Amino acid sequence: MKILNIKSTQLLAILVVVFTGFSCSDKFFDEQAGERITPDQHYKSVIDAQNSLAGAFVPLQAVLPKLIMIDGLRSDMMTPTSTADAYLKDLNNQVLSFDNPYLDASDYYKVIVNANEALANLAKIAAVDRDFDDYTMKYTKGALVGLKSWTYLTLIRLYGQAALIDDNLVALPENLNQTILTKDAMLDVLIEGLLPYIPSTEELTQKLELRFTNFMNNKAVLGELYLEKGDYANAAIYLKMAIESYKNSTDIYKVNSYSNEAWKTMFLGGESGTGSIPPANNIAPSENISVMAYDQNEGQFNPLARWILPTDQFMVQPSQILINDYKTQIPLKGTNGDVYRGIGATIDTTSSGVYYINKYSINKAEPFSSDITISRAADLHLLLAEALNRNGESATALIILNQGFKPELKKPALYTKWSKNLGIRGRAYLQSVVVPDSAFLTPGAVKKSPLTGADRINYIEDLIMTERSMELAFEGKRWFDLVRVAKRRQDPAYLANKVAAKFTNTAEGDAVRAKLMNENNWYLPFKKEIK
């Protein structure tokens with residue numbers, strides 16, 4: 001589901017001609033509005049349908065950098081520097097206010113009404129373009145429904161609730177007086193709404209799904225919805241299906257070899273590593289599933305480089321916890337830690353030894369053109385491992401986490417196509433993590449028997465969460481991971497202790513821990529007025 005994985009010139013045209021990025025109200029289609037066009041002029045062909053779908057994503061270009069800052073500072077991934085603005089320092093201290101501009105939910109709702117507007121006009125295309133047949137209509141609708149589902153999922157993860165916008169509402173309302181649903185209630189609504197748009201075996205055979213999978217892989221979204229709900233069996237089913245839906249049903253999003261320095265090329269601007277441009281070092285284009293593209297040469301600036309670079313505003317930096325995790329990994333050869341994902345890739349140091357976030361400035365020539373990755377193969381593999389572990393399939397989860405399905409391993413029947421899969425740690429040339437035969441569960445306690453039951457499941461889950469923190473650092477995943485596990489275990493201390501541990505000031509850490517022991521403080525303040 002390569003979200004807005006299109007050329008920047010195409011995106012610019014969409015921004016100018018199709019959507020404003022605010023709403024698709026009647027005012028937008030005013031004939032006096034310069035070069036803008038009316039719905040009757042626009043909805044004429046399959047190409048118009050694709051452009052409308054792409055245009056619905058436009059507001060995410062503004063909100064995704066803010067999401068990454070929220071995730072990093074509320075979790076244990078980032079700390080503010082002395083030059084951080086007051087709003088970022090508040091996020092780090094779990095001080096949440098309506099006037100914090102990083103917390104505004106408006107752009108998410110703009111995506112939803114943009115999708116509604118496109119859905120409301122697809123019938124006009126079917127009436128005039130014979131190529132816009134029933135199957136094309138279904139998958140165009142499915143892509144838009146999938147986009148809405150992902151957007152609502154992000155809203156309820158952030159705010160704990162969301163306004164369910166009526167399908168016939170095609171303009172951004174002044175306030176959210178619609179039905180307000182809690183996270184649990186919204187998950188049920190989203191699953192029910194997305195299931196009809198998962199392709200059947202017959203449709204997959206005809207490859208009709210491929211017409212619009214460049215924008216949204218609904219199986220991945222559905223898998224995440226089930227995982228959030230705690231339905232691990234269905235989560236595993238749909239996450240595996242999503243991984244196996246690259247190009248056609250016989251291929252998979254392979255976690256394959258990234259030789260030498262190649263791992264970091266997936267984060268370069270200009271879509272390198274996404275399949276649109278031949279990537280460096282001949283990397284198979286099967287990693288990035290959903291990306292938001294930026295191009296500073298077209299005026300589409302990704303502000304993250306400005307916020308993270310020591311040569312610019314330098315408002316946030318990586319936490320010492322993350323730095324230590326990279327340094328203490330054991331490679332297959334040598335003793336230099338996580339060489340390919342750590343220093344020089346995700347993070348780096350200045351000549352004076354100051355650590356900074358590097359993931360969004362790898363292309364030094366165009367740091368403001370870096371893509372923001374929404375979903376990629378490693379993300380889905382680790383989510384699948386999480387679901388499998390909780391579903392009683394811990395051995396398979398560890399294979400995916402570690403070295404993959406090597407030839408000498410007897411593959412489970414459901415994974416016979418995974419022979420090129422190297423595992424998350426195998427791809428990074430790291431030694432496997434293992435579950436010990438016995439463990440010291442508390443200081444001074446001795447356990448002579450193997451870990452079993454809940455102890456074993458939690459131990460493996462902790463390994464998966466640590467791996468996700470290193471593989472997906474600064475991609476907007478960590479806070480959601482911590483909340484999901486803490487809620488699953490009914491243990492707020494799981495989240496509170498991890499976040500508090502990044503503070504060097506004991507008093508500040510204790511204050512944050514106390515706040516996060518209350519689940520109500522996990523969610524951002526919900527503001528009904530939007531703009």
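The values are calculated or read from the model by the stated rules, or taken from the named source; none is laboratory data. Just so you know, these numbers come straight off a predicted model, no measurement behind them. Counting neighbours? That spans all protein chains shown, and the Cβs are built from the backbone with ideal geometry, glycine included. Ligands, DNA and RNA are excluded from the accessible area calculation, which covers all protein heavy atoms including side chains. Shrake-Rupley method; radii C 1.70, N 1.55, O 1.52, S 1.80 Å.
Okay, residues lined up against (1) part of a strand (DSSP E or B); (2) in contact (Cβ under 8 Å) with a residue 12 or more places away in the chain; (3) among the aliphatic types (A, V, I, L, M):
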position: ASN302; (1), (2), (3): no, yes, no
position: PRO310; (1), (2), (3): no, yes, no
position: GLN313; (1), (2), (3): no, yes, no
position: GLN317; (1), (2), (3): yes, yes, no
position: ILE321; (1), (2), (3): no, yes, yes
Residue satisfying all of: in the range 441-461; more than 21 Å from LEU495 (Cα to Cα) and open to solvent by 70 Å² or more (accessible area, probe 1.4 Å); modelled with the lowest pLDDT among these: GLY444
Test: ILE156 is of a type in the set (A, V, I, L, M), open to solvent by less than 10 Å² (accessible area, probe 1.4 Å) and more than 24 Å from the chain's Cα centre (by Cα): no
Of all residues making up the range 53-90, the number that are touching a Lys or Arg at 6+ places or on another chain (Cβ under 8 Å) and under 18 Å from GLN317 (Cβ atoms): 7
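Which ones in the range 497-513 are assigned to a helix (DSSP H, G or I) and closer than 12 Å to ASN93 by Cα?
First pass over the range 497-513, keeping only residues assigned to a helix (DSSP H, G or I): 497-500, 506-513.
Answer for the range 497-513, where residues must be assigned to a helix (DSSP H, G or I) and closer than 12 Å to ASN93 by Cα: VAL499, ALA500, ALA507, GLU508, GLY509, ASP510, ALA511, VAL512, ARG513.
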Condition broken by LEU524, with the remaining ones in (1) farther than 22 Å from ASN324 by Cβ; (2) over 22 Å from the mean Cα position of the chain (by Cα) satisfied: (2)
Whichever residue in the range 381-434 is assigned to a loop (DSSP other than H, G, I, E, B) and touching a Gly at 6+ places or on another chain (Cβ under 6 Å) and, among such residues, is most open to solvent (accessible area, probe 1.4 Å): LEU422
Failed item in (1) open to solvent by 50 Å² or more (accessible area, probe 1.4 Å); (2) part of a loop (DSSP other than H, G, I, E, B); (3) farther than 20 Å from PHE368 by Cβ; (4) at pLDDT 90 or above, with LYS89 passing the rest: (2)
In the range 493-527, the residues that are among the hydroxyl-bearing types (Ser, Thr, Tyr) and surrounded by fewer than 17 Cβ atoms within 10 Å (Cβ to Cβ): THR504, THR506, TYR523
Sole exception among (1) in contact with an Asp or Glu (Cβ under 9 Å, 6 or more places away or on another chain); (2) crowded, with 19+ Cβ neighbours inside 10 Å for LEU144, by number: (1)
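Check the range 16-27 and report whether any residue there is in contact with a Phe, Trp or Tyr (Cβ under 6 Å, 6 or more places away or on another chain), open to solvent by 10 Å² or more (accessible area, probe 1.4 Å) and modelled with pLDDT of 50 or more. Steps first, please.
First, pick out the residues of the range 16-27 that are in contact with a Phe, Trp or Tyr (Cβ under 6 Å, 6 or more places away or on another chain): 20.
Subset that is open to solvent by 10 Å² or more (accessible area, probe 1.4 Å): 20.
After this cut, where a residue has to be modelled with pLDDT of 50 or more as well, the list is none.
No, the range 16-27 contains no residue that is in contact with a Phe, Trp or Tyr (Cβ under 6 Å, 6 or more places away or on another chain), open to solvent by 10 Å² or more (accessible area, probe 1.4 Å) and modelled with pLDDT of 50 or more.
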